[in-house]
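See structure below.
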Amino acid sequence: MRLGRGIGLAAVLVVALFVAAPSASAAGLLTQTVSAASAVNKSCTTGARDGAGVAQKRVTMPAAGWVTARLTATSGDWDVAILDAATKRVVAGSAYRGSNEVASGLAIQGSDLIVQACRLTGSTSTASLSVQALPVDTSHVQKTSLVRVATANLARKNELNRLGLDLTEHGGPGFVEAVLYGPADAAKLVDNNFSYTTEVPDLAVQAAGDRRADKQFAAANASSEFPSGRTSYRRLFDYSEDMKRLAREHPDLVRPVALNNETYEGRPVEGIEIATNPNARDGRPVFLQMGVHHAREWPSSEHAMEWAYELILGYRRGDARVRDLVSKTRTIVVPVVNPDGFNASREAGEMFGNGSGHETDVDGNGEVDDPEFLLAAATHPNEYRRKNCRFPGDPPMGNCAGVDAGAAGHGVDPNRNYGAFWGGGGSSGDFYTQTYRGPEPFSEPESRNIRELVSARQVTTLITNHTFSGLVLRPPGIAAQGTTVDEPIYKALGDSMAAENGYSSQYGYQLYDTDGTTEDWSYNATGGLGFTYEIGHLGFHPPFEATVKEWNGTTDYATGGGNRAAYYKAQGNTADASKHSVLTGRAPAGAILRLTKTFDMPTSQEGLTFTDHLNSTIQVPSSGIFEWHVNPSTRPLVAKGSGRPATGEPSEPQEFEPRGETTPCANYDTPPPDCYEDHLITVPSGAGIDNGKATFRIEFSPLSDYDMKVFKADSAGNATGDAVTTSGHGATDGELGYEEASIVDPAGSYVVRVQNYAGLDPWTGTVTFEGPGTYTAPLEETWTLSCETPEGVTRSARQVFVARGERRSIDLRGDCRVRR
Ligand SMILES: [Zn+2]
């Protein structure tokens, strides 16, 4: 066991106890029924309103911290805002379409706040309003830093991933970047042989500079090159305001979409659907555009939202390409999948843009004296929140507004909670790590919302936007899964989009193994092509201007028209029937056609599966001729099959032992020659032998620590190239220390390098061989196509096979009658 590992464990426990402590007590500032005699359809969140349609209350902040207003009314559209009476600043807002509002933001001690409840539409003249304050300890400022960790190969990247640190999606040949929350995180790297360099020593200082730049950009530019012209990052209520306005002003193109599940903090999750004739139940193919699974990735929701503007305003302008796409497809935009986490992150970041210039020592007396800056710095870890706002306990012991929320803190990573391959090595089972996958597949409202949306529609293409690293990712998320059955068209589209934004088009696993991600599920369950975009290179939410450049392709590396042009490619793919399937034919006008499929899906955990039920409908138009753009009837996982038939038996195990003594290695990545031994292993081959997997393992007493690397051997029997797999975590299993790593379909000879990290006594080594595993032949699946009356009576059901790129004609007139 490594010296220092025990200390590291103790530090982790202390952190866990700290974050598990109950939040500082919340103070109820107001609970009452408010009334507005008339409805006035005017924004509530742009400033103080006067006159009709609004009820205003005053509260004073008892301490610096979070203030949350909740409003409910029985019907109509009510919104709510909290305003600073002195500065006129919008402290918090909530502008959902209905009358269930949650507005949460930050204010300093003594702030005189106006809480205004606005009745926009509807006949209900009263609403219940409550306001709560949650203090933040501004003397507790934890410094966070961004570091670049050296990772020689994919195996080392995956080892780093397993340490539970806050890895960014920013990695490349030889490195991954990580956010460190104090000395315990740094010690984890050192204890596990990782060297790193510090990129940003204090992220709070960087954040203050970025938000200053944002203020300057907004002041200097009346509009940006975004289609909406926006000059600053939206806050959560801005998304609601924008979607509501687009639906109101363009009812012939925009339909509001409400997702099924409210979040932990009681927020609705909203989207819009864009198409000519948006309310028809026709069979056009669906493009789904999403942002902010991860709270801090603000540009991801900006680009998703701007795509809606691009289509709607382009259509209005008469742009021929937009008109063609908007008439051939349906586009659903869900800009903020994780609104609780986003609000916590965005409002903490917003605080850096306020105060008296947010310098740390304005009057030069040697003390930090700007209360706004102090509050911003204290809540800065919130700004770096990644996960959702799931807290333990019933009722929950806290919420995302707690000061402990910044380091990994509470919450589930919604992009590790999707069901397919859930629970493997590319996620964590530890509540306090950044990639915590949740207690079970689809345990979270955020992932359930997208699952239920995708299961009820024929989404043939989707993009889930993230930041950052300049990547267009496609499945598989785990290297061992091999390429997908749709690799040629998948790669072609990924490459073509990357040719616009200048990102790298690659497999998900090339960053590091991930599982339970959006397209792990959506692609494997539906066959719709899904991509993860990692927008930009400058951080999770760089200065706003950089996010505009990613949009219009004016970055140094964009090789075409940026994400705007890349999204056109995705939308074009959605419209292209050769990339999905089409069911067409005749059926009684007005009949409801329903496609269903029920199947079990695998997780990464043995014996654990879950059941998916896809269920989508269209209504046959008055012509009696339907055309339904759908996904192929056979799921990609089944179409591909798995494993391969065995051609023989696996070989007997081989053993290898130390030849002498070594000295501890001073450097893990480039060890001096006297600190390791190389052992040559040749994989048996020939008639009757089939070694589908080789597992290399060394064992030693828990007092010792050795590391293991496996290389291909050259013809002279020497290690060549980068290690094909490594194991350097010093794991123990009861009375035994060990390192273990496997290779699928091993061939030829390998060099096993045993490195002395802290070897006090000898080790033993074995290589064991296994067959290729269970072979499953490729299968074909069908959709169940039923014809129903508008009242829901099923008249017929038949099994329909349709391949990708195929157009299948079906006559349903004989077996489907609708009373007219
Ligand atoms: Zn992300």
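The values are calculated or read from the model by the stated rules, or taken from the named source; none is laboratory data. Note that the structure is a prediction, hence the values are computed from the model and not measured. A quick note on method: Cβ atoms are made from the backbone with ideal geometry, for glycine too, and the neighbour counts reach across all protein chains shown. Remember, those area values only see protein heavy atoms, side chains included, never the ligands or the DNA or RNA. Shrake-Rupley method; radii C 1.70, N 1.55, O 1.52, S 1.80 Å.
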Practice task
Would you mind working out the accessible area per residue for the chain, using a 1.4 Å probe, and quoting it in Å²?
Solution key: 37
Exercise for the section: Note down the net charge around LEU120, summing +1 for each Lys or Arg and -1 for each Asp or Glu among other residues with Cβ under 13 Å from its Cβ. Expected result: +3
Handout entry: Exposure ranking of VAL683, VAL205 by accessible area [1.4 Å probe, largest first]
Key = VAL205, VAL683
Handout entry: ARG267, ARG230, ARG323, ranked by accessible area, largest first (probe 1.4 Å)
Key = ARG323, ARG230, ARG267
Completion exercise
Given unit charges at Cβ for Lys, Arg (+) and Asp, Glu (-), the dipole magnitude of the stretch 131-236 about its Cα centre in debye, nearest 20, is 240
Completion exercise
Yeah, the stretch 29-78 with a ≥ b ≥ c from its alpha-carbon gyration tensor (a/c under 1.5 is rounded, else prolate when a/b outruns b/c, oblate otherwise) is prolate
Completion exercise
Summing +1 per Lys or Arg and -1 per Asp or Glu among the other residues with Cβ less than 10 Å from GLY721's Cβ gives -1
Completion exercise
For the stretch 65-113, the percent of accessible surface on carbon and sulfur atoms (probe 1.4 angstrom, ligands and nucleic acids excluded) is 51
Completion exercise
Excluding residues fewer than 8 positions from LYS143 in its own chain, the lysines with Cα under 20 Å of it are LYS188, LYS387
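So what is the diffusion coefficient of the stretch 209-363 in µm² per second by Stokes-Einstein at 37 °C and 0.692 mPa s, using a Kirkwood Rh over Cα pairs?
195
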Handout entry: P(r) tail fraction, the stretch 457-539 - alpha-carbon pairs more than 17 Å apart, %
Key = 40
Exercise for the section: Work out the length of the dipole vector of the stretch 672-820 about its Cα centre, built from +1 on the beta-carbon of each Lys and Arg and -1 on the beta-carbon of each Asp and Glu, and round it to the nearest 20 debye. Expected result: 1660
Completion exercise
With the dipole of the chain defined by +1 on each Lys or Arg Cβ and -1 on each Asp or Glu Cβ, the option from GLY266, ASN41, SER581 whose Cα lies farthest towards the positive pole is ASN41
Handout entry: Kirkwood-based shape ratio for the stretch 692-816, expressed as Rg/Rh from alpha carbons
Key = 1.42
Practice task
Express the carbon and sulfur contribution to the solvent-accessible surface of the stretch 706-820 as a percent, rounded to the nearest whole number, probe 1.4 angstrom.
Solution key: 46
Fill in the blank from the handout: Note to self, the chain gives a 222 nm [θ] from helices alone (DSSP H runs n ≥ 4, -39500 (n - 2.57) apiece, / all residues, nearest 500) of -7000 deg cm²/dmol
Practice task
Please compute the net charge surrounding LYS143, taking Lys and Arg as +1 and Asp and Glu as -1 over other residues with Cβ under 13 Å from its Cβ.
Solution key: -2
Practice task
Could you tell me what fraction of 2.2 N^0.38 Å the Cα radius of gyration of the stretch 128-218 comes to, as a two-decimal ratio?
Solution key: 1.42
Practice task
For ARG451, tell me the accessible area in Å² from a 1.4 Å probe, rounded to the nearest 10.
Solution key: 50
Exercise for the section: Using the charge dipole of the chain (Lys, Arg: +1 at Cβ; Asp, Glu: -1 at Cβ; taken about the Cα centre), state which of ALA646, GLY349, ASN277 has its Cα farthest towards the positive end. Expected result: ASN277
Handout entry: With DNA, RNA and ligands ignored, accessible area of TYR509 (1.4 Å probe; Å², nearest 10)
Key = 40
Completion exercise
Using a 1.4 Å probe on heavy atoms of the protein chains only, the accessible area for LEU163 in Å², nearest 10, reads 30
Exercise for the section: Quick one: dipole size for the chain, taken about the Cα centre, charges +1 on Lys/Arg Cβ and -1 on Asp/Glu Cβ, in debye to the nearest 20. Expected result: 4060
Exercise for the section: Compute log10 of I(q)/I(0) for the stretch 577-650 with the Debye formula, placing one identical point scatterer on every Cα and leaving out solvent, at q = 0.13, 0.14 Å⁻¹, to two decimals. Expected result: -0.60, -0.66
Problem - Listed residues LEU30, LEU760 arranged by accessible area, highest first, probe 1.4 Å - result: LEU760, LEU30
Exercise for the section: Output the relative contact order of the chain, whole-number percent, from Cα pairs under 8 angstrom with separation of 6+ residues. Expected result: 11
Problem - Shape category assigned to the chain from the gyration tensor of Cα positions, a/c cut at 1.5 - result: oblate
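Assign one of three labels to the stretch 623-781, namely rounded, prolate or oblate, based on the Cα gyration tensor with a ≥ b ≥ c the square roots of its eigenvalues; rounded applies when a/c is under 1.5, prolate when it is not and a/b is larger than b/c, and oblate otherwise.
prolate
Step through the table entries LYS328/LYS491; LYS157/LYS709; LYS42/LYS244; LYS640/LYS712, compare each Cα-Cα distance with 18 Å, and write down the pairs that go over it.
Violating the 18 Å limit, Cα to Cα: LYS328/LYS491; LYS640/LYS712.
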Exercise for the section: Using +1 at the Cβ of each Lys and Arg and -1 at the Cβ of each Asp and Glu in the stretch 773-820, identify which of VAL818, LEU779, VAL802 lies farthest towards the dipole's positive end. Expected result: VAL818
